[in-house]
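Novice: Please find one structure pasted underneath; my questions will follow.
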Amino acid sequence: MQEALVINSASSPIAVGKRELQKEARRNAIIDAALEEFTAQGFTSAKLDDVADRAGIGKGTIYLYFQSKESLFEEVVRKTLLPGRDIAQQNLANFSGSAEELLCEHFANVYSFMQNDKVPELMMMIMGETVRFPKLTEFFFNEMVKPSQAILSTILQRGIDSGEFRADALDIATQLLMAPAMNSVIWNLQFGGLAPLELNSYARMHIDFMLRALRA
């Protein structure tokens with residue numbers, strides 16, 4: 001007698017794939033809810049109970065995906081901010097134009113990324129809160145600030161090597177180059193209702209100032 005073929009639907013590739021998709025969707029829902037809560041309340045005041053409520057789950061479910069509020073915050077940063085870093089690094093590796101053109105494109109992308117709805121609020125929360133949490137400060141510095149400084153330094157070195165930028169361009173602190181972009185985020189969050197910056201024209205002025213300061 002031919003044995004009946006029994007298929008365990010719970011362990012079939014389709015079922016496994018569906019479960020993995022569901023887990024990933026829930027994980028992303030938690031991260032999105034945490035972003036809303038962190039930007040609304042700040043890292044210190046944000047409660048995982050409220051994150052769970054926003055995500056429509058029980059608090060205990062969060063711990064199936066994240067060990068702590070700190071690890072959840074790190075994933076919020078990774079999902080929200082690190083794509084901008086990754087795009088900048090890819091553009092740096094693939095760009096074939098002049099150093100001036102690369103600098104212009106880099107900062108145009110920076111300003112475009114900062115106009116994302118969630119980026120300014122998260123950046124403000126990070127600047128205001130992580131100084132009290134050394135581990136989170138170190139995480140943000142290593143994952144975002146340090147790579148951003150390395151990108152700018154590489155662009156400057158290209159300009160020096162090509163003769164486009166002054167020989168001492170690397171002596172200019174990268175903080176000075178980034179400060180106007182960061183200021184635009186702070187200004188529009190705090191004073192946008194009273195005197196908003198028009199970021200496209202502001203970005204053009206910022207880039208023009210940099211090029212005037214850097215040219216050989």
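Novice: Of the residues 155, 126, which single one is closer than 19 Å to residue 42 by Cα and buried (at least 19 other Cβ atoms within 10 Å of the Cβ)?
Specialist: Numbers: 155 fails: closer than 19 Å to residue 42 by Cα.
Answer to the check: 126.
Novice: Here's something else I'd like to know. Of all the residues that make up the range 203-216, how many are within 23 Å of the chain's Cα centre (by Cα) and without any contact (Cβ under 8 Å) to a residue 40 or more places away in the chain?
Specialist: Summing the residues that are within 23 Å of the chain's Cα centre (by Cα) and without any contact (Cβ under 8 Å) to a residue 40 or more places away in the chain in the range 203-216 gives 1.
Novice: With respect to the numbered conditions (1) loosely packed, with under 15 Cβ neighbours inside 10 Å; (2) in contact with a helix residue (DSSP H, G or I) (Cβ under 7 Å, 6 or more places away or on another chain); (3) modelled with pLDDT of 95 or more, which one is the sole condition not fulfilled by residue 160?
Specialist: (1)
Novice: Can I ask one more? Among the residues of the range 55-97, write down those that are of a type in the set (A, V, I, L, M, F, W, C) and within 16 Å of the chain's Cα centre (by Cα).
Specialist: Within the range 55-97, the subset of a type in the set (A, V, I, L, M, F, W, C) is 55, 57, 62, 64, 66, 72-73, 76-77, 81-82, 87-88, 92-93, 95.
Matches in the range 55-97: 72, 73, 76, 77, 81, 82, 87, 88.
Novice: Just name the residue that is nearest to the chain's Cα centre (by Cα) out of those in the range 29-50 that are of a type in the set (Val, Ile, Thr) and open to solvent by less than 20 Å² (accessible area, probe 1.4 Å). Write out each step before concluding.
Specialist: So the first thing to find is which residues in the range 29-50 are of a type in the set (Val, Ile, Thr), and the list is 30-31, 39, 44.
Subset that is open to solvent by less than 20 Å² (accessible area, probe 1.4 Å): 30-31.
Working: 30: 17, 31: 14 Å.
Ranking the candidates gives 31 first.
Novice: Is it fair to say residue 27 is at pLDDT 90 or above and not β-branched (Val, Ile, Thr)? Don't jump to the end; show me each part of the working.
Specialist: On the way: at pLDDT 90 or above: yes; not β-branched (Val, Ile, Thr): yes.
Yes.
Novice: Out of the residues in the range 165-200 meeting the condition of being small (Gly, Ala, Ser) and either under 22 Å from the mean Cα position of the chain (by Cα) or modelled with pLDDT of 95 or more (or both), tell me which one is surrounded by the most Cβ atoms within 10 Å (Cβ to Cβ). Explain how you work it out, then say what you get.
Specialist: Quick first cut of the range 165-200, residues small (Gly, Ala, Ser) only: 167, 169, 173, 179, 181, 184, 192-193, 195.
From what's left, either under 22 Å from the mean Cα position of the chain (by Cα) or modelled with pLDDT of 95 or more (or both): 167, 169, 173, 179, 181, 184, 192, 195.
On the way: 167: 9, 169: 19, 173: 11, 179: 12, 181: 17, 184: 21, 192: 11, 195: 8.
Only one residue tops the list, namely 184.
Novice: Counting only residues that are among the acidic types (Asp, Glu) and closer than 22 Å to residue 185 by Cα, which one in the range 76-121 is least open to solvent (accessible area, probe 1.4 Å)?
Specialist: At the first step, the residues of the range 76-121 found to be among the acidic types (Asp, Glu) are 86, 100-101, 105, 117, 121.
From the residues that got through so far, the ones that are closer than 22 Å to residue 185 by Cα too are 86, 105, 117, 121.
Numbers: 86: 55, 105: 71, 117: 130, 121: 76 Å².
For the range 76-121, the residue satisfying everything is 86.
Novice: Still on this structure, I have one more. One residue is enough: does the range 51-66 have a residue meeting the conditions open to solvent by 40 Å² or more (accessible area, probe 1.4 Å) and among the aliphatic types (A, V, I, L, M)?
Specialist: Yes - at least one qualifying residue is present in the range 51-66.
Novice: Here is a further query. Those residues that are of a type in the set (Asp, Glu) and over 16 Å from residue 139 (Cα atoms), I need them from the range 24-83; list them, please.
Specialist: Initially, the range 24-83 is screened for residues of a type in the set (Asp, Glu), giving 24, 32, 36-37, 49-50, 53, 70, 74-75.
24, 32, 36, 37, 49, 50, 53 - these are the residues of the range 24-83 that are of a type in the set (Asp, Glu) and over 16 Å from residue 139 (Cα atoms).
Novice: Is the range 112-131 home to any residue that is over 29 Å from residue 210 (Cβ atoms) and not polar (S, T, N, Q)?
Specialist: yes
Novice: Just to be sure I understand, how many residues within the range 139-148 are in contact with a helix residue (DSSP H, G or I) (Cβ under 7 Å, 6 or more places away or on another chain) and open to solvent by 50 Å² or more (accessible area, probe 1.4 Å)? Give the derivation first.
Specialist: The initial filter retains those residues of the range 139-148 that are in contact with a helix residue (DSSP H, G or I) (Cβ under 7 Å, 6 or more places away or on another chain), namely 139-140, 143-144, 147-148.
Applying the additional criterion that residues be open to solvent by 50 Å² or more (accessible area, probe 1.4 Å) yields 143.
Residues that pass the stated criteria total 1.
The values are calculated or read from the model by the stated rules, or taken from the named source; none is laboratory data. The model shown is predicted, which means the values in this text are computed figures rather than measured ones. All Cβ positions, even for glycine, are placed from backbone atoms using ideal geometry, and neighbour counts span all protein chains on display. These accessible areas exclude ligands, DNA and RNA; they are computed on the full protein's heavy atoms, side chains included. Shrake-Rupley method; radii C 1.70, N 1.55, O 1.52, S 1.80 Å.
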